[in-house]
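Data block below; observations after.
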Amino acid sequence: MSDHTTHHSDDHDHGLAHVMPIPIMIGTFLALLFFTGLTVFIADQDLGEIDIFIALAIATLKAGLVATYFMHLRWDKPFNILMFLFCFGFVALFIGIALLDSNEYQPAIEAYYNATTEIVETP
């Protein structure tokens, strides 16, 4: 007959969820509001090709704040936070490079638009 004893780990509590202190929640919320305002401000500026990377960096930072504090990754293993932020950074980089490539097709899009919107005069 096998012994069905349970093994308790010291590094993981299976009780209630982690209780977040109110000042941390308010601070995180205010940081998210600040970065949202910064995103709106940056959207009005003409920074050339770098503006998409700035917007994606701010979005990645906001996602990191949400995951770290609201999803309680801060109190989990540091490797999980690192992997989460690395994945968001990779997605931001991928989207940024894909959007930069769209400039290569802009002349063809404009030529097609101009060819299809010409007014045909009737005799």
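Things worth noting here:
- The selection criterion, being in a helix (DSSP H, G or I) and modelled with pLDDT of 85 or more, does not hold for Phe53.
- Complete set of residues in region 98-123 that are of a type outside the set (D, E, K, R) and open to solvent by 100 Å² or more (accessible area, probe 1.4 Å): Tyr105, Tyr112, Tyr113, Ile119, Val120, Thr122, Pro123
- The residues of region 58-88 that are exposed (fewer than 15 other Cβ atoms within 10 Å of the Cβ) and either within 11 Å of the chain's Cα centre (by Cα) or under 29 Å from Glu104 (Cβ atoms) (or both), listed by number, are Val66, Phe86, Cys87.
- Cβ-Cβ contacts under 8 Å between residues 6 or more apart (or on different chains), taken from a first residue in region 61-75 that is in contact (Cβ under 8 Å) with a residue 40 or more places away in the chain to a second residue that is open to solvent by 50 Å² or more (accessible area, probe 1.4 Å) and not in a helix (DSSP H, G or I), are listed as His72/Ala17; His72/His18; Trp75/His18.
- Meets criteria (modelled with pLDDT under 80 and assigned to a helix (DSSP H, G or I)) for Ala92: yes
- Residue tally, condition closer than 15 Å to Thr68 by Cβ and either at pLDDT below 90 or open to solvent by 100 Å² or more (accessible area, probe 1.4 Å) (or both), over region 7-27: 5
The values are calculated or read from the model by the stated rules, or taken from the named source; none is laboratory data. A quick note: this is a predicted structure, and the numbers were derived from the prediction, not measured. No Cβ is skipped: glycine too gets one built from the backbone with ideal geometry, and neighbour counts run over all protein chains shown. In case anyone asks, the SASA skips ligands and DNA or RNA and just uses the protein heavy atoms, side chains included. Shrake-Rupley method; radii C 1.70, N 1.55, O 1.52, S 1.80 Å.
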